[in-house]
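First comes the structure, then the notes that go with it.
Each value in this text was obtained by applying a stated rule to the coordinates, not by laboratory testing. Remember, predicted model here, so these are calculated numbers, not experimental data. Cβ coordinates were reconstructed from backbone atoms using ideal geometry, including for glycine residues, and neighbour counts include every protein chain displayed.
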Amino acid sequence: MQTVNGPGRSKEHEAPSRRRFLDYLLGTSAFATLGAIFYPIIRFIAPPQIVEAMQNSVVAAKLNELPPNSGKIFKFGNKPGILVRSASGELKAFSAVCTHLDCIVQYRPDTKQIWCACHNGQYNMNGQNVGGPPPRPLEEYAVNTRGDDVVVTRI
Amino acid sequence: MSLDQIRIWLDERLSLGSVSEIARKKEVPVHRHSIWYYFGGMTLFLFTVQVVTGILLLLYYRPSAENAFESVQFIMTEVKFGWLIRSIHSWSANLMIATLFIHMFSVFFMRAYNKPRELTWLSGVGLLFISIAFGFSGYLLPWNEVSFFATKVGTDIAGVVPVIGHSMLRFLRGGDEVTGATLTRFFGFHVAVLPALATVFIGVHVLLVQLHGMHVPRRYEHNHGYMKFFPNFFLRDLIGWILAIGVLAALAALFPWELGVKADPFAPAPAGIKPEWYFLFMFQTLKYIPARILGIEGEVLGILAFMLGGLVWVVIPFINREPEQRRRILIFNVFGVFVVLYIVVMTIVGYLA
């Protein structure tokens, strides 16, 4: 009995371990193959970061195109900014990107506020969120006049 | 070769007999609420209208920020019946969402998601999300002012999701901003990814309906008749579809779909801007939520609440395991009525605002 059973058992014991080793090889290579297929796909789907030279200063407008109580959208790098001139003639500049959900704001001469049409967000002339859903004030920029040019600079 | 010989030739190779046997046996229950059985088929019909008109639009549409608006303008003004094809595509999209909602709520209120139809409900909710994605991605393709801002807002909402939000936003936009890269992506989703997904989901959904047969509400379980699917129910379906074609043609002729003004990434959002009507109730809610609630940004809370609501909607069959209990019926009917009323009221307020 023992002579029959002994080698049989050891064979039984040996066979699965070889099988397990082969299974392990097969499994890991299948996994590696899948990884090699899906990794490039996942990386391909995520858009590359485009590094743009941050523009620190821009001529946003000519002074004469901005009468008191008006506003103008200008291009600041690849983002929109807004230049507003109060009724008293004071110039202010902010990011024109609404802090709520990314819409572009505008100046409303009737309410003398910066207004976002998308969800009725309101900011005062200092860029502070004073009504509607925006959670934060608009980012403010420095304004200087150089001759007839209105120059806006990141603070 | 006679027609009969062709039929025999095909039958020997495809055993059409078994298929026609299934078709012959297919029946539809007849009771007071049978009318609701038509809305699934109607949604499927409007989807095929979308496929056909969509393929036609593809012949002229050019998916880039420089050309998209002009190519749609070209379709609307120069191409023979271009106005008709595009208007039908837009109208049919909206009617499809409407019939899908009717179909979904009828299933909800008749508790047709009950065992063994949980997977039918899941595939159906999958189709709801696919349809909304179709609507959202297709809306941007004309590259006009309203669609540009709708996409800015919609993708920004995706960015609010904790942890994965920012990568999701970049994945959707093809960068940090809504640009021509976004348009190219949305075009790919709209004409390749979503149609492939929709085909699979519709296949599963329709197959499951064949497997289980039509659901009969508990009240009529023992007192209802049957109608043959072929030809009785099918011919009634057909009448509905012919009516739908008539309605679509009339809407396209009387209210051709507007193209609006070309998108300008450096222009303020136009006053009175609104999303498509099926997003309006969420849009209106976002307007009412204050900037901060308990120190958390209000919009984040609102968006997470809607996501949670969507999740609850998906797992309804698993929350409501014994839907025929008297108390359960009351609770879920009240919940359903509240959801419908909320959507209807907020949509109307959104329109009037």
statement: Env charge @ A:Ile82, Cβ radius under 12 Å, K,R +1 / D,E -1, value +4
- request: Just give me a number: lysine pairs in chain B, eight or more positions apart or cross-chain, with C-alpha atoms less than 27 Å apart.
  value: 12
- prompt: What ranking of B:Ser137, A:Ser70 emerges when the number of other C-beta atoms within 10 Å of each C-beta is taken as an exposure proxy, fewest first?
  reply: A:Ser70, B:Ser137
field: Whole-Å distance, taken between Cα centres, linking region B:93-151 and region B:315-347
entry: 18
- request: Rounded to whole Hz and in sequence order, give me ³J(HN,Hα) for region B:76-87 from the Karplus expression 6.51 cos²θ - 1.76 cosθ + 1.60, θ = phi - 60°, writing x for Gly and Pro.
  value: 6, 10, 9, 5, 4, 6, x, 4, 5, 4, 5, 5
Distribution of pairwise C-alpha distances over the protein assembly as shown, 10 Å bins, in %: 3, 14, 21, 22, 17, 11, 6, 4, 2, 0, 0, 0
- request: Working from the alpha-carbon coordinates of region A:57-154, get Rg over Rh, Rh being the Kirkwood radius.
  value: 0.95
task: Go ahead and collect, in residue order, the members of region A:111-155 whose backbone nitrogen is under 13 Å from a label point 7 Å along the Cα-Cβ direction of B:Arg292.
output: A:129-130, A:134-137
message: So if I place +1 on the C-beta of Lys and Arg and -1 on the C-beta of Asp and Glu, and nothing else carries charge, what would the dipole magnitude of region B:20-261 be about its Cα centre? I want it in debye, nearest 20.
response: 980
- line: Per GNM of chain A with C-alpha springs under 10 angstrom, the most fluctuating residue out of A:Ala96, A:Ala30, A:Ala87 is A:Ala30
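What does the charge count around B:Gln5 come to, taking other residues whose C-beta lies under 15 Å from its C-beta (Lys +1, Arg +1, Asp -1, Glu -1)?
-1
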statement: Per-residue Cβ contact counts at 10 Å, fewest first, order B:Tyr139, B:Tyr278 as B:Tyr278, B:Tyr139
query: Quick one: putting +1 on the C-beta of Lys and Arg, -1 on the C-beta of Asp and Glu, what dipole do you get for region A:57-154 around its Cα centre, in Debye to the nearest 20?
result: 60
field: region B:293-353: GluC sites (Glu not before Pro) falling in loop per DSSP and having at most 14 other Cβ within 10 Å
entry: B:Glu324
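Per-residue mean of other chain beta-carbon atoms within 10 angstrom of the beta-carbon, peptide A:115-122? It would help to have the intermediate numbers written out before the result.
Working: counts 3, 3, 8, 15, 10, 4, 2, 0.
Across the residues of A:115-122, the mean count of other-chain Cβ atoms within 10 Å is 6.
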field: Nearest 10 degrees, 0 to 90: helix A:2-45 Cα axis against chain A principal axis
entry: 20
task: If a/c stays under 1.5 just call it rounded; otherwise compare a/b with b/c (prolate if a/b is bigger, oblate if not). Do that for chain B, with a ≥ b ≥ c from the square roots of the Cα gyration tensor eigenvalues.
output: oblate
field: Over region B:219-349 - Rg/Rh using Cα atoms and the Kirkwood inverse-distance radius
entry: 1.10
- prompt: Near B:Phe234, within a Cβ-to-Cβ distance under 10 Å, what is the net charge of the other residues, with Lys and Arg +1 and Asp and Glu -1?
  reply: +2
field: Peptides B:11-23, B:223-235 ordered by average Cβ neighbours within 10 Å, highest first
entry: B:223-235, B:11-23
- prompt: Tell me which lysines have Cα within less than 19 Å of A:Lys62's Cα, excluding those fewer than 8 residues away on the same chain?
  reply: A:Lys72, A:Lys75, A:Lys92
message: Taking each residue in A:94-105, count the Cβ atoms of any other chain within 10 Å of its Cβ, then average. What number comes out?
response: 6
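Could you list B:Tyr351, B:Tyr37 so that the one with the fewest beta carbons within 10 Å of its beta carbon is first and the one with the most is last?
B:Tyr351, B:Tyr37
Averaged over its residues, how many other protein chain Cβ atoms are within 10 Å of peptide B:267-277's Cβ atoms? Before the final figure, lay out the partial values.
Working: counts 5, 16, 12, 4, 6, 1, 5, 2, 1, 0, 0.
Shielding by partners across B:267-277 averages 5.
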- request: Using θ = phi - 60° and the Karplus relation 6.51 cos²θ - 1.76 cosθ + 1.60, list the HN-Hα couplings for region B:255-272 in order, rounded to whole Hz, with x at every Gly or Pro.
  value: 10, x, 5, 5, 9, x, 9, 4, 5, 10, x, 10, 10, x, 4, x, 4, x
